[in-house]
Amino acid sequence: MSTLVIVGTQWGDEGKGKIVDVLTQKADYVVRFQGGNNAGHTLVINQKKYIFHLIPSGIFWPQTVCVIGNGVVVDPEVLINEIEKLKKEGLKIDSDKLLVSEKAHTIMPYHKALDLAREKKAKKNKIGTTCRGIGPCYEDKAARKGFRLIDLTYPEIFKEKLKIVLEEKNFILKYLNAEIIKFEDIYERYIKYGEYLKPYLTDVSRVLWKAKKEGMKILFEGAQGTFLDIDHGTYPYVTSSNTLAGNACCGAGLGPLEIDLVLGVVKAYTTRVGEGPFPTEIKDKLGDHLRTKGNEYGSTTGRPRRCGWLDLVLVKTAVRLNSIKAIALTKLDVLSGLEKIKICIGYEYEGKVIDYLPSSLIEMSKLKPIYKDLPGWKEDLKDIKKFENLPKETKLYIKTIEEYLEVPLYLISTGPERENCLILKNPFEN
Ligand code: IMP
């Protein structure tokens, strides 16, 4: 097994960063293929907390090369700050350690301004974006009005195109009652970003193709989650990229038959940030309890996450959409101490039982979750090192999930530290 894609099976924040970090120990490359600095992963290493938004999670393992693929939208300022922060920690972040696709699109100041202005104007109809300019940047990519990182290294061409694009953006910004953006405030700054990033820019597709041929271990790290996917998520309350495993190929430049395994990360309960449907949301004190105990606050925006019971209908849909053949279950420790735990195993919709998520928001709003009640457990799971030693109620919870999904469990995360993880099977080991 040489290529592994890791994706979230819910609405993001499943704890993918931790799983990627644990598995990267055996990986030669870790690759981001979509999203941008709307994502955020928190890693706790030696009790010190690190939050990154663009740099892949494997950065702390000495042998791993970190790659940002063409499908990512890059805010150069954020990327440069992350590189500098890592350098301050004493890490050598040179062009052998970090590769960035020259084809990746650049988030521009007007993308952020547009994101913010639209959300403000939409008021109660807002999406609840991270306001990082992600959507407007992908829009420009599709409209063929975007700038790839490589474009920043050709000042004259960049200058001409920027003048034209900016005129249109300022027209829209004015309409949205937002401040216009001056050419002078972008041009020099972005040329400097281009100079800084130039050594890291490369044709990622060729590098990965060669690595795959040589049998290197490549891990593709998905950002956000299945139900934030632009096509298959709870549209329009989604992000602007395809978050599914299939996009690892387009977003990094490898063909679909080069992927060996897809691992889905399932949080032991469900969360989402921003607006949008959430059938198993818990709106009372129990939801607050999960938020506090699970530290469910966005690592990008700090917003409190909405919390609810595990929804297996969603997760099983994610299994289908992503070809998931292995599961990592995270944050199981957060459920310790609950008397009773519920798992959603179907929905009631207009008097009928269904086992899928309908496409329309109106239909989604009418879903009533059907729950299976399971007994809780009191024990703290953090220091349990063997599956056999888990409380019997925890094992029952895990078994229920595995049986419903018909996918084997490979890893169980029982706390925030690297060490709090039971590895039942490492996909990179035969
Ligand atoms: P955008 O990606 O900033 O355009 O935001 C669109 C939606 O995706 C909003 O509901 C965000 O809260 C959500 N979102 C974006 N990135 C993440 C993430 O990494 N975790 C969870 N939600 C996210």
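The values are calculated or read from the model by the stated rules, or taken from the named source; none is laboratory data. Because the structure is a prediction, the values reported are computed rather than measured. In this analysis, Cβ positions are derived from the backbone assuming ideal geometry, glycine residues included, and neighbour counts consider all displayed protein chains. Surface areas here come from the heavy atoms of the whole protein model, side chains and all, with no ligands, DNA or RNA. Shrake-Rupley method; radii C 1.70, N 1.55, O 1.52, S 1.80 Å.
Structure values in brief
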item	result
Single match in Val44, Val67 (criterion: of a type in the set (A, V, I, L, M, F, W, C) and surrounded by fewer than 22 Cβ atoms within 10 Å (Cβ to Cβ))	Val44
Residue check, Glu221 in contact with a Pro (Cβ under 9 Å, 6 or more places away or on another chain) and either open to solvent by 40 Å² or more (accessible area, probe 1.4 Å) or within 15 Å of the ligand (Cβ to nearest atom) (or both)	yes
Candidate set from region 32-49 (those that are touching a Ser or Thr at 6+ places or on another chain (Cβ under 7 Å) and assigned to a strand (DSSP E or B)); member that is nearest to Val74 (Cα to Cα)	His41
Restricting region 142-156 to residues that are charged (D, E, K, R) and surrounded by fewer than 18 Cβ atoms within 10 Å (Cβ to Cβ), the residue that is farthest from the ligand (Cβ to nearest atom)	Glu156
Filter pass, Lys161 being touching a helix residue (DSSP H, G or I) at 6+ places or on another chain (Cβ under 8 Å), surrounded by fewer than 16 Cβ atoms within 10 Å (Cβ to Cβ) and touching a residue at least 40 places away in the same chain (Cβ under 8 Å)	no
Single unsatisfied condition, Gly302 versus (1) open to solvent by 40 Å² or more (accessible area, probe 1.4 Å); (2) of a type in the set (Gly, Ala, Ser); (3) within 21 Å of Leu361 (Cβ to Cβ)	(3)
Top-ranked residue in region 371-391 [being open to solvent by 40 Å² or more (accessible area, probe 1.4 Å) and within 28 Å of the chain's Cα centre (by Cα); ranked as nearest to Lys340 (Cα to Cα)]	Tyr371
Selected residue (only one of Thr394, Thr414 is buried (at least 19 other Cβ atoms within 10 Å of the Cβ) and under 22 Å from the mean Cα position of the chain (by Cα))	Thr414
Positions within region 78-121 being touching a residue at least 40 places away in the same chain (Cβ under 8 Å), outside any helix (DSSP H, G or I) and open to solvent by 40 Å² or more (accessible area, probe 1.4 Å), in sequence order	Asp94, Ser95, Glu102, Lys103
Residue in region 13-31 that is within 16 Å of the ligand (Cβ to nearest atom), in contact with a Lys or Arg (Cβ under 8 Å, 6 or more places away or on another chain) and part of a strand (DSSP E or B) present	no
Tally, over region 274-287, of residues that are assigned to a loop (DSSP other than H, G, I, E, B) and either basic (Lys, Arg) or more than 12 Å from the ligand (Cβ to nearest atom) (or both)	5
Verdict on Glu139 being modelled with pLDDT of 95 or more, under 21 Å from Gly69 (Cβ atoms) and open to solvent by 20 Å² or more (accessible area, probe 1.4 Å)	yes
Qualifying residue in region 80-91 (condition: within 16 Å of the ligand (Cβ to nearest atom) and of a type outside the set (Ser, Thr, Tyr))	yes
Sole residue being in contact with a Lys or Arg (Cβ under 9 Å, 6 or more places away or on another chain) and within 16 Å of the ligand (Cβ to nearest atom), chosen from Thr239, Thr270, Thr243	Thr270
Some residue of region 157-169 being within 16 Å of the ligand (Cβ to nearest atom) and modelled with pLDDT of 95 or more	no
Residues (outside any loop (DSSP other than H, G, I, E, B) and more than 16 Å from the chain's Cα centre (by Cα)) located in region 288-305	Asp288, His289, Leu290, Arg291, Thr292, Lys293, Pro304
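Quick grid of which residues meet (1) over 19 Å from Lys342 (Cα atoms); (2) hydrophobic (A, V, I, L, M, F, W, C); (3) assigned to a helix (DSSP H, G or I):
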site	(1), (2), (3)
Tyr397	no, no, yes
Thr400	no, no, yes
Val407	yes, yes, no
Gly415	yes, no, no
Pro427	yes, no, no
Asn430	yes, no, no
